[in-house]
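One structure below.
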C-alpha cells in the first residue's frame, strides 16, 4: 500500500483510460489468436460512459479485423464516447517476418525487428485501422512496452500525436523477446509526467510533435510479502543476505491498473496526483482481462465481478474528486493549449 497524505481537492486533473485491445490467448504458443473477449467489452464501455470517462481502445491487428469489436468501436466513435488508437504487436502483425523461428512463442519486441520491417508493420496496422473505423489513429502503445528513438521517428512520420509506452521507474531488461536479444526497454529514468519526445534519448524531453503520456506508476519501499513474491518469481537474488531483513531498500511499482486486491493503492495514486497537481493520470487494462479466464488474475465470473466492483469504486472516487475524463487525443489538445506559444502542436 502506498501511504500518502490526504489531499485538498483541487479537481480538474484529466483521467485517461487506456485499454490494450488485443486477442485472448496471446501468451500461449498457439498458431492462431482468438478474439472472444470482444464480446465482453460493451459492458466496460457502458461503465465508462456512465462516469463520463471515455476510454482509448489501443487496438492490435486481430482486433482491428474483428467484426464484433469494429461494430462497438464505430458506434463509440460516432457518439464521441471513445477513441481508437494503435497497439502494435510486431510478432503477430503483417507483413510477417520470421525473426526468431517461432515469433509467436518468443514475442520479439518492436525494437528487435529491422527498421524497414517495423516501418511496414506500423504502416499496415495504421491503414487497417483507418479502413475499419474510418478514422486516422493518433495514439499508440507498443506491444510489451518496448520503444526506442527509431520508433519515435516512425510514429512521427505517420502523424501519430501520442505514445503511451513508457512505464516510468520500470525496466523490462529482464524480460526477453528474441532469445539472443537484450531484453526490453529500460524506463527507470524516464519522466513520470507527460513530455514531448526527442530522437536522441527516451529519457530526455525533446522537440518532436509526439507527446509521451506515461502510465501512472509510483514506487514505494517493498514489504516482506512483496519481496517474497519477487523471490518466488526469481526477479531478485535468492542468496543476497540483505533480503533477509524485515524491511529492505528494494523498490516496488504500484500501477493505476487493477489487479485482484489493489483498489487502495490505486486510490492512493489518485490522492498523490491531486496533492502534487499532476498533469493527468493514466489507467490501463488489457481487454482480455474483462473476460472470465482471459487472465490468471481473473479466472472466473466471480473474479470479474470483483474487478468491476473495484473499477467502479475507483471511477466513483475519481468523479467525486474532480478528475475529468479524456481520451489520449483529447489530452494532447488539452496539454498543447496548456503550454503558451507551443511550437510542437
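A few remarks follow.
- Taking the numbered list (1) at pLDDT 95 or above; (2) over 21 Å from the mean Cα position of the chain (by Cα); (3) over 18 Å from residue 22 (Cα atoms) in turn, residue 102 passes all entries but (1).
- Test result for residue 307, crowded, with 19+ Cβ neighbours inside 10 Å, in contact with a helix residue (DSSP H, G or I) (Cβ under 8 Å, 6 or more places away or on another chain) and more than 24 Å from residue 145 (Cα to Cα): no
- Residue check for residue 284: in contact (Cβ under 8 Å) with a residue 12 or more places away in the chain, within 16 Å of the chain's Cα centre (by Cα) and assigned to a helix (DSSP H, G or I): no
- Counted residues, the range 127-138 - those being touching a residue at least 12 places away in the same chain (Cβ under 8 Å) and within 12 Å of residue 65 (Cα to Cα): 4
- Test for residue 168: is it crowded, with 20+ Cβ neighbours inside 10 Å, touching a helix residue (DSSP H, G or I) at 6+ places or on another chain (Cβ under 7 Å) and part of a loop (DSSP other than H, G, I, E, B): no
The values are calculated or read from the model by the stated rules, or taken from the named source; none is laboratory data. Small disclaimer: the values here were computed from a predicted structure and weren't measured. Don't worry about glycine lacking a Cβ; one is built from the backbone with ideal geometry, like all the others, and counts go over all protein chains shown.
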